[in-house]
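The values are calculated or read from the model by the stated rules, or taken from the named source; none is laboratory data. As the structure is a prediction and not an experimental result, all values here were calculated from the model. Cβ placement follows ideal geometry from the backbone for every residue including glycine, while neighbour counts extend to all protein chains displayed.
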Amino acid sequence: MRAGFGRVEITPRIGVELCGFGPFLCRHSIGIRDRLWARAMALEEEGRTVLIVSCDLVGITGELTARVREKIWARAGLSDDAVLICCTHTHSGPNTGPYIGWGAPDEPYLETLPNRIARAGLDALAALRPARLFFGRAPCRGFALNREYDRDAPPLEECLRAGWEAARPELTDTECQALVVRDERGGLMGFASYYGCHPVVCCAQTRFIHGDWPGVATNTIERDYPEGQATGLFLQGAQGDVNSCVVHKPETESLLALDVIAGRYARAVRQAIAAAQPVESHPLTAVRERVVFSRKPWEEGYVARLLAETEARLQGVEVTDATATAEWNARMETVYAIALRRILARMRRGESLEPETELHGIRIGPIALLGSPFETFQAIKNEVCAAVGIPHPLVLSFVNDSVGYAPDRTVAARGGYAQDKVPLITGQLPYARAHEELVEGLVRIARRLAG
């Protein structure tokens with residue numbers, strides 16, 4: 001096997017609006033706490049090459065992925081199936097996804113971003129050299145909690161105490177996993193760590209650019225080695241219903257806690273790297289499917305009625321109201337009004353309201369990356385992992401596109417924000433059977449990888 005790594009900076013200019021923590025916050029960045037990166041890992045074996053790129057971004061669109069792939073095909077001849085692009089989902093970077101109101105997109109940044117992401121991948125391909133693969137695990141418990149089924153945002157003095165863990169850790173990832181690449185002499189070339197948790201250590205008041213805990217932790221581990229020797233990717237797992245234990249705290253406390261939480265994850269990754277065992281050789285395999293996920297059958301009259309009700313609630317409301325709740329409601333209702341108008345216009349033009357997206361799988365020996373564009377809930381990941389026969393299935397979120405939450409059956413049944421509101425933030429109708437259809441799709445991808 002041969003492997004190569006590339007890393008290209010993708011930090012936006014100071015002043016861009018940051019994406020995360022709510023709509024229309026005017027959250028313009030005022031400085032760079034940590035730079036953002038596109039990191040790439042290329043693997044080649046028996047004439048087959050795959051490329052995995054991880055970006056310190058909230059998410060990307062399918063259109064942006066297509067532009068990156070076009071550039072990689074033009075320069076390296078690598079097919080779309082072989083190129084997987086994922087995002088860490090930092091809430092302290094620019095809006096690079098389809099999110100209405102979650103920070104105004106910076107158009108010059110978006111125009112130049114595909115070039116930079118592609119360059120990271122091309123650098124990794126150019127750096128291919130003989131390598132050996134290893135895979136390791138390590139406990140990672142005092143870190144995250146399930147915000148749907150556990151107490152969210154405990155007091156800082158509680159969750160920053162040594163030995164803290166969630167009341168129900170089994171509803172989160174309790175370990176991190178690492179794919180480790182070493183050269184023929186045993187030196188570390190790079191790694192890809194995997195864990196599922198929202199990067200939300202900070203809050204709506206923080207205005208510094210950074211990659212949140214995945215970015216800070218990965219930067220920290222890279223600094224363990226001589227400059228440029230080792231590159232680390234972060235692969236975001238099933239984080240749709242999982243938060244870090246620090247979220248929505250005041251700005252000063254958030255920024256201080258960021259290093260603590262990132263340090264906890266970095267320690268776990270170091271343990272996984274140290275414990276990693278050789279991966280037996282297996283031909284690299286990549287499969288990709290264009291898919292459509294069914295939506296709730298909202299008719300034109302129903303959407304028009306929802307829009308009228310939303311507009312009525314906005315009448316007489318000022319976004320400068322003294323109460324925070326009134327202002328928040330006005331901003332959220334504005335998002336829904338914009339989304340419903342877009343949906344209604346597409347209905348009247350006769351356009352499809354079930355857009356295509358894709359599922360993507362890459363097999364590396366006993367390891368399978370099973371990627372979707374969703375913010376996947378833990379129960380879905382658990383069901384997929386139990387159904388596939390590959391030893392180490394890693395269910396990834398934010399792969400090649402961003403399409404909102406895939407809530408589990410329980411959350412979907414009770415409706416509300418995760419089930420019905422988040423899809424509107426991306427300008428789309430709510431999903432009808434996200435849990436069932438995503439499990440079916442990822443299991444199908446895994447079976448194709450298993451061959």
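Quick check: is even one residue across the stretch 110-127 among the charged types (D, E, K, R), in contact with a helix residue (DSSP H, G or I) (Cβ under 8 Å, 6 or more places away or on another chain) and surrounded by fewer than 18 Cβ atoms within 10 Å (Cβ to Cβ)?
The first filter runs over the stretch 110-127 and keeps only residues among the charged types (D, E, K, R), leaving 111, 116, 119, 123.
Still in the list and also in contact with a helix residue (DSSP H, G or I) (Cβ under 8 Å, 6 or more places away or on another chain): none.
No.
Does A413 meet the test of being hydrophobic (A, V, I, L, M, F, W, C) and not assigned by TED's automatic domain parsing to the domain that holds I117?
Numbers: hydrophobic (A, V, I, L, M, F, W, C): yes; not assigned by TED's automatic domain parsing to the domain that holds I117: yes.
Here the answer is yes, as A413 does meet what is asked.
Considering only the stretch 304-360, state which residues are polar (S, T, N, Q), exposed (fewer than 13 other Cβ atoms within 10 Å of the Cβ) and outside any helix (DSSP H, G or I). Outline the logic, then answer.
Within the stretch 304-360, the subset polar (S, T, N, Q) is 310, 315, 320, 323, 325, 329, 334, 352, 357.
Keeping just the survivors that are exposed (fewer than 13 other Cβ atoms within 10 Å of the Cβ) gives 315, 320, 323, 325, 352.
Correct list: Q315, T320, T323, S352.
I'm told F293 meets every condition in (1) assigned by TED's automatic domain parsing to the domain that holds A379; (2) in contact with a Ser or Thr (Cβ under 9 Å, 6 or more places away or on another chain); (3) closer than 24 Å to Q378 by Cβ except one. Can you identify the failing condition by its number?
(1)
Among (1) within 30 Å of K421 (Cβ to Cβ); (2) assigned to a strand (DSSP E or B), where does L43 come up short?
The failed condition is (1).
Can you name the residue in the stretch 222-236 that is of a type outside the set (S, T, N, Q) and surrounded by fewer than 24 Cβ atoms within 10 Å (Cβ to Cβ) and is also farthest from the chain's Cα centre (by Cα) among such residues? Full working, then the answer.
Step one: filter the stretch 222-236 for residues of a type outside the set (S, T, N, Q), giving 222-228, 230, 232-235.
Add one more test, that the residue is surrounded by fewer than 24 Cβ atoms within 10 Å (Cβ to Cβ), and what stays is 222-228, 230.
Numbers: E222: 21, R223: 23, D224: 25, Y225: 26, P226: 28, E227: 27, G228: 25, A230: 22 Å.
Step by step, filter the stretch 222-236, then rank; the result is P226.
Residue-by-condition table, conditions (1) crowded, with 23+ Cβ neighbours inside 10 Å; (2) over 22 Å from the mean Cα position of the chain (by Cα); (3) of a type in the set (S, T, N, Q); (4) in a loop (DSSP other than H, G, I, E, B):
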position	(1), (2), (3), (4)
F5	yes, no, no, no
I14	no, yes, no, yes
P23	no, no, no, yes
C26	no, yes, no, yes
R39	yes, no, no, no
L51	yes, no, no, no
S54	yes, no, yes, no
V58	yes, no, no, yes
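Would you mention how many residues in the stretch 405-430 are under 17 Å from L442 (Cα atoms) and crowded, with 20+ Cβ neighbours inside 10 Å?
Filtering the stretch 405-430 for residues under 17 Å from L442 (Cα atoms) gives 405-409.
Going one step further and asking which of them are crowded, with 20+ Cβ neighbours inside 10 Å, we end up with 405-408.
Count: 4.
Looking at the stretch 418-434, which of its residues are free of Cβ contacts under 8 Å to residues at least 60 places away in the same chain and part of a loop (DSSP other than H, G, I, E, B)?
none
Just checking, how many residues over the stretch 165-196 are of a type outside the set (K, R) and assigned to a strand (DSSP E or B)? Full working, then the answer.
Taking the stretch 165-196 as the starting set, the residues that turn out to be of a type outside the set (K, R) are 165-167, 169-181, 183-184, 186-196.
From what is left, the residues that are assigned to a strand (DSSP E or B) are 175-181, 188-195.
Here the count works out to 15.
Can you run down the residue pairs with Cβ atoms below 6 Å, 6 or more apart or on separate chains, where the first is in the stretch 65-84 and assigned by TED's automatic domain parsing to the domain that holds R48 and the partner is basic (K, R)?
D80/R69; D81/R288; V83/R69
Return the total of residues in the stretch 391-427 being under 22 Å from H360 (Cα atoms), out of contact with any Lys or Arg (no Cβ under 7 Å at 6 or more places or on another chain) and not small (G, A, S). Break it down stepwise before answering.
If we filter the stretch 391-427 for residues that are under 22 Å from H360 (Cα atoms), which is where we start, we get 391-408, 423, 426.
Those left that are additionally out of contact with any Lys or Arg (no Cβ under 7 Å at 6 or more places or on another chain): 391-394, 396-408, 423, 426.
Filter once more, keeping what is not small (G, A, S): 391-394, 396, 398-401, 403, 405, 407-408, 423, 426.
Going through the stretch 391-427 one residue at a time, the tally reaches 15.
When both residues are 6+ apart or on different chains and their Cβ atoms are under 6 Å apart, which pairs have a first residue that lies in the stretch 269-280 and is assigned by TED's automatic domain parsing to the domain that holds F134, and a second that is part of a helix (DSSP H, G or I)?
Hits for this filter: V269/I221.
Counting only residues that are touching a Leu at 6+ places or on another chain (Cβ under 7 Å) and modelled with pLDDT under 95, how many does the stretch 153-175 have? Walk me through it before giving the result.
Here is the first cut: in the stretch 153-175, the ones touching a Leu at 6+ places or on another chain (Cβ under 7 Å) are 166, 172.
Retained after the next criterion (residues that are modelled with pLDDT under 95): 166.
Residues that pass the stated criteria total 1.
Could you check the stretch 385-414 and list, in sequence order, the residues that are without any contact (Cβ under 8 Å) to a residue 60 or more places away in the chain, within 15 Å of L369 (Cα to Cα) and part of a loop (DSSP other than H, G, I, E, B)?
Result: P391, single match.
How about the stretch 262-318: which of its residues are within 23 Å of P407 (Cα to Cα) and within 23 Å of the chain's Cα centre (by Cα)?
Listed by number, the residues that qualify are R288, E289, R290, V291, V292, F293, S294, R295.
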